[in-house]
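See below for the structure under consideration.
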There are 2 protein chains.
Amino acid sequence: MTAYLPPLRDMEFVLRDLAGLDQVAALPGFEDATPELVGSVLEEAGRIAEEVLAPLNQPGDRQGAKLVDGKVRTADGWQAAIDTLIDGNWLGLPYAEQWGGMGLPGLVNVAVSEMWQSANMAFALCPMLTQGAVNAIDECGSPEQKAKFLPKLVTGQWAGTMNLTESGAGSDLGAIRTKAVKTGDHYLISGQKIFITYGDHELVENIIHLVLARTPDAPPGVKGISLFIVPKMLVNDDGSLGARNDVACVSLEHKMGIHASPTAVMSFGDKGGAVGYLVGEENRGLEYMFVMMNHARLNVGVQGLAIAERAYQQARAYARERVQGKAIGCAEKGGIIDHPDVRRMLMTMKSQVEAMRALAYVAAAALDQAHRHPDAAARAQAKLEAEFLNPIVKGWCTEVGNEVASLGVQVHGGMGYIEETGACQHLRDARITTIYEGTTAIQANDLVNRKILRDQGATARAELAKAAALAADLRAHGDATLAAIGSALSAAVTAAGQAVDWLVGIAPEDARQAAGAGVPLLRLLGTVLGGMQMARAAAVARRRLDAKEGDPAFWQTKLSTAWFYAESVLPQALGLLGGITGGSRAIMALDPDQL
Amino acid sequence: MTAYLPPLRDMEFVLRDLAGLDQVAALPGFEDATPELVGSVLEEAGRIAEEVLAPLNQPGDRQGAKLVDGKVRTADGWQAAIDTLIDGNWLGLPYAEQWGGMGLPGLVNVAVSEMWQSANMAFALCPMLTQGAVNAIDECGSPEQKAKFLPKLVTGQWAGTMNLTESGAGSDLGAIRTKAVKTGDHYLISGQKIFITYGDHELVENIIHLVLARTPDAPPGVKGISLFIVPKMLVNDDGSLGARNDVACVSLEHKMGIHASPTAVMSFGDKGGAVGYLVGEENRGLEYMFVMMNHARLNVGVQGLAIAERAYQQARAYARERVQGKAIGCAEKGGIIDHPDVRRMLMTMKSQVEAMRALAYVAAAALDQAHRHPDAAARAQAKLEAEFLNPIVKGWCTEVGNEVASLGVQVHGGMGYIEETGACQHLRDARITTIYEGTTAIQANDLVNRKILRDQGATARAELAKAAALAADLRAHGDATLAAIGSALSAAVTAAGQAVDWLVGIAPEDARQAAGAGVPLLRLLGTVLGGMQMARAAAVARRRLDAKEGDPAFWQTKLSTAWFYAESVLPQALGLLGGITGGSRAIMALDPDQL
């Protein structure tokens, strides 16, 4: 596995020129987010990712997490790595100074998180889950709960987990059976949860589990789910740790990838009931989960981007050094990077990585705006955009992340299949991202039902209208490359618009066709909106080149990369459109027993 | 991992109605291939695949092949499995009775091979490689070599390997450095070969290595490569085994998948030189390799199909039994198979599996015709078709095989990522198929340069003309489903024709654009030609339904599956066309150091 090089130049470009970091930093509470501070934060995070986390990635995969004598043993180096993040207060980056945080925008946190995930996804899940628990308590907990749990969670001294899934309740959370019985000021929780990421470990002194459970007389289905805080170690009123709670890790899963991330089966209440504290009100657990969903799903989308970036770097390094044959148009033997097909793969990887980064960061900025903008209408508008982009970023970036990781293997030829090379670890690790935190189909359901059909496609059409306007501008541009990008974007936006229109039209007639078209539609919208961001990037690059600002090589590279995306990736939109409008009719053509 | 169910019904349909088994059986030498015999051969092979090979697949993956004290230890059950194949003379199926074979068509061998590969790809590589060695010696060896080696190889009592790759010579075979020095009636071989599938093991008493090497005064590059037979155990003139040859397995690779298939680093001549026997003439080794290539690449294409079939069966079984949520349009909870997106995934898997099977078997039939047809013109015509289809079957079936295996994981949700489930083994196993026996880019090179540009696109256009004629017939059909299939095929064929025209036009101007477009063009042609086979299948199904012949449920299913392929898969052709004609310009837009 090659070293990880933090792509700071592109990250800073996307932050400033596409995601509007300046406007985000102008939001109330983000006064500290000066360009200088953000720059040094990213640089230092990059250093840690490169020097501390990345070197542990492959050894961690080989060693894996193990359950030994009831304790989860993480891979060598994990302890020092988490201590590094705690020492630097990295987990606290996006949280209020009141709780010990740094008070920086979520947008900056996403950029930092991208680097952790690129460097070592199996490790980075630990702080990611802790931040998820912070978000839950921060947004839905009582003042007492915040005071008790946030200071240690925000600083990373305690870890957090999300306990949703049960063996009979995955995508269908309404089927949850874990019980919560009220006893005085707390509840006694009993039941088994599966697929709990970092469900147990010894890296920190306490783990705060957020657990979905059902009270005895709760209504059936999703309307009867409540959310509980269940600490591994009970916490005394003075903040000191008390007795061990009735929570245990029963086993760890053997997975295709992220071997070093312990995926636990957790048992609550084997000795009578685990002490749990209700978050908010009974039966509103699913609602609270949805509050956090935008963050959690954005983070997993960023994992897709991150693993793609790492796979790209690995493939590029190999393609530069590996000599094999004389490439067409070359006078002598050189790196396989000179072969057109290798170049096509690398360009496909690079251009999609940059498109994913742009769209994910733009979505993160919209989330910050939705939380902090002083104007209610602007907040509402940003919320609409953030919620629309959320399932697209999660679904599209993880699907493309898998494809890019697979291309990374392919660039290596036979060496890609050998574990020592490291390319196939990225593919094995990436494969979980389209599954957890809601499969791509779950994202597509959210997109179709809550984000498109609920307003009859208005938000979707508004987003596409922005892309269409940009495309029209570019087509009229004197620069041939920009004009070509504009034409390609225009065709793709038209296809996306037709797909949205089709969806809005078909849904009342045939809900199954609408549902069946969700995943290709999500893919289509991701492809087109990613293309719009690349087109924006190209326009900026052209302006800077003309104004002789900055590094011309960077702008020229961005222009060419955007052109490749437009010519090579955007045409997929036409194929997807056909599959959506025609193919959806045929989805249910067979009975289950004919399959 | 679920059981493997041999898809005999579809295999027999494809053999008879699409690949023309009757015409193949009418070729000289295939007199024994009566419908009854072929039927019972397939049934018995299916039984062995299901009962003997498939149950070993997952345990073999866990155990893997190990090098212990210089000997390769294969997984438990491997010995009994190979003995079963030897006892049934299964390896001899397509070879002349003169050498102990059964004298059946290669077409039937491909169908049998599909079942071995579906059941246990890591195991099935062993007989596949042995058959590869038989093909080499049978087609290029001297009468003495045939007499000495074929009887034991054909029956499987000895195994065979292909030793091509070296650490500096993968896709670029011209860089081979292994030496062969003539000494009396033989050569002394020295050098190291890597990635040698089943390079060493104790399953049979001898292993016959076919080794590419270079004589001292050979011309540089591919024109100086010779092919040698290098037995692990020397063979005396009376056929008994002599001394151990100077060949050793140095190490085994740790791979992403096919763990139970030993991938060896082989060292020749550490003790002075391994005895090798020249095949044919010096410096014609590459040519001999190409003679076998059509078989070998077809076989790997069949692996792509086979692993897709297995992944599909696994996903279908899970989707039927797993209950999760109430699907749209359903009154109560049922299997996830009722969810439209799950159905979309299963239909995508099933329809592509059937398209791949049809195209691979048609290609196998063309190979039989090319070898055996009594009329020279018909032989030449069949050879053209077989050679045109060859890289497409290899490249397209393996790329789609990976995607289908990945969809299989996705259908399982979180369980798909857990190794015990078995779904992700298929993906790990599949991942090698786009790499070995020539990467997809190597197939695309072959397609573009040897199969399309050499005759200015004439063969490609002739194949597409057949598809266009079929599409026109179907469009005019009174059956609405057939008409829809015809329309979709027509649009896709037009796109494929435009891509071929573009290629023929651009190649003289810009060889790099032509080369860079190869992989998407291969994909486009595979998609369209697979669609043509599905359209043929639909037409047959409609005729049989109208004539009330056979099982109406099978025909109805085939019709709907072909319809899905036409509506959902064929539109990809439009996206691919855009990427080819536009995207190829942008491939080389960046310098290597800008990537």
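Worth pointing out:
- Inclusion of residue A:505 among residues that are out of contact with any Cys (no Cβ under 8 Å at 6 or more places or on another chain), buried (at least 24 other Cβ atoms within 10 Å of the Cβ) and among the small types (Gly, Ala, Ser) is not warranted.
- Here B:226, B:261, B:240, B:267 are screened, and the one residue that is among the hydroxyl-bearing types (Ser, Thr, Tyr) and free of Cβ contacts under 8 Å to residues at least 24 places away in the same chain is B:240.
- Taking the range B:10-32 as the range and being in a helix (DSSP H, G or I) and in contact with a Lys or Arg (Cβ under 9 Å, 6 or more places away or on another chain) as the test, the residues that pass are B:10, B:11, B:13, B:14, B:17, B:18, B:22, B:24.
- The sole residue among B:496, B:538 that is assigned to a helix (DSSP H, G or I), in contact with a Lys or Arg (Cβ under 9 Å, 6 or more places away or on another chain) and either buried (at least 18 other Cβ atoms within 10 Å of the Cβ) or away from every other protein chain (no Cβ under 13 Å) (or both) is B:538.
- Residues in the range B:114-143 that are within 16 Å of residue B:159 (Cβ to Cβ) and hydroxyl-bearing (Ser, Thr, Tyr): B:130 alone.
- Qualifying positions in the range A:333-378 - more than 13 Å from chain B (Cβ to nearest Cβ) and free of Cβ contacts under 8 Å to residues at least 60 places away in the same chain: A:366, A:370, A:375, A:376, A:377, A:378
- Residue that is more than 14 Å from chain A (Cβ to nearest Cβ) and outside any strand (DSSP E or B), where the choices are B:248, B:213, B:218: B:218
- Considering (1) more than 21 Å from residue A:434 (Cβ to Cβ); (2) more than 13 Å from chain B (Cβ to nearest Cβ), the lone condition that residue A:328 does not fulfil carries the number (2).
- The set of residues in the range A:164-210 being more than 14 Å from chain B (Cβ to nearest Cβ), more than 27 Å from residue A:69 (Cβ to Cβ) and not in a strand (DSSP E or B) consists of A:184, A:185.
- Selection within the range A:251-298 - assigned to a strand (DSSP E or B), within 24 Å of residue B:420 (Cβ to Cβ) and not polar (S, T, N, Q): A:252, A:255, A:264, A:265, A:266, A:268
- Pair list, Cβ < 7 Å and 6+ apart or interchain, from the range A:182-194 residues that are assigned by TED's automatic domain parsing to the domain that holds residue A:247 and aromatic (Phe, Trp, Tyr) to residues that are part of a strand (DSSP E or B) and surrounded by 13 or more Cβ atoms within 10 Å (Cβ to Cβ): A:187/A:180; A:187/A:181; A:187/A:228; A:187/A:276; A:187/A:278
- If the condition is being modelled with pLDDT of 95 or more and under 15 Å from the mean Cα position of the chain (by Cα), then the range B:272-303 contributes B:297, B:298, B:299, B:300, B:301, B:302, B:303.
- Against the conditions (1) in a helix (DSSP H, G or I); (2) in contact with a Lys or Arg (Cβ under 7 Å, 6 or more places away or on another chain), residue A:531 satisfies every one except (2).
- You will find that of A:465, A:480, the residue that is farther than 18 Å from residue A:526 by Cβ and surrounded by fewer than 16 Cβ atoms within 10 Å (Cβ to Cβ) is A:480 and no other.
- Residue that is nearest to the chain's Cα centre (by Cα) [pool: residues in the range A:555-567 that are at the interface with chain B (Cβ under 9 Å from one of its Cβ atoms) and over 30 Å from residue B:565 (Cα atoms)]: A:561
- Picking from residues in the range B:543-580 that are surrounded by 23 or more Cβ atoms within 10 Å (Cβ to Cβ) and among the β-branched types (Val, Ile, Thr), the one that is nearest to residue A:342 (Cα to Cα) is B:580.
- Set side by side, the residues B:570, B:574 differ, and just one is at pLDDT 95 or above and at the interface with chain A (Cβ under 7 Å from one of its Cβ atoms), which is B:574.
- Applying the condition of being among the aliphatic types (A, V, I, L, M) and part of a loop (DSSP other than H, G, I, E, B) to the range A:581-592 and asking which residue is surrounded by the most Cβ atoms within 10 Å (Cβ to Cβ) yields A:587.
- Of all residues in the range A:33-51, those satisfying the criterion of being part of a helix (DSSP H, G or I) and buried (at least 17 other Cβ atoms within 10 Å of the Cβ) are A:38, A:41, A:42, A:45, A:46, A:48, A:49, A:50.
- Which numbered condition residue A:414 fails, given (1) surrounded by 23 or more Cβ atoms within 10 Å (Cβ to Cβ); (2) touching a Gly at 6+ places or on another chain (Cβ under 7 Å); (3) within 14 Å of chain B (Cβ to nearest Cβ): (1)
- Given (1) in contact (Cβ under 8 Å) with a residue 60 or more places away in the chain; (2) within 12 Å of chain A (Cβ to nearest Cβ), number of the condition residue B:533 does not satisfy: (2)
- At least 1 residues being of a type in the set (Val, Ile, Thr) and under 24 Å from residue B:528 (Cβ atoms) is the threshold, and among the helices (runs of 4 or more DSSP H) wholly inside the range B:390-478 those reaching it are B:440-445, B:458-475.
- Single condition residue A:320 does not satisfy, out of (1) buried (at least 18 other Cβ atoms within 10 Å of the Cβ); (2) of a type outside the set (Asp, Glu); (3) touching a Gly at 6+ places or on another chain (Cβ under 9 Å); (4) at the interface with another protein chain (Cβ under 8 Å from one of its Cβ atoms): (1)
- Residue match in the range A:377-385 (condition: within 23 Å of residue A:4 (Cα to Cα), surrounded by fewer than 24 Cβ atoms within 10 Å (Cβ to Cβ) and over 18 Å from the mean Cα position of the chain (by Cα)): no
The values are calculated or read from the model by the stated rules, or taken from the named source; none is laboratory data. Quantities reported herein were computed from a predicted structural model and do not represent experimental measurements. Positions of Cβ are backbone-derived with ideal geometry, glycine not excepted, and every protein chain shown enters the neighbour counts.
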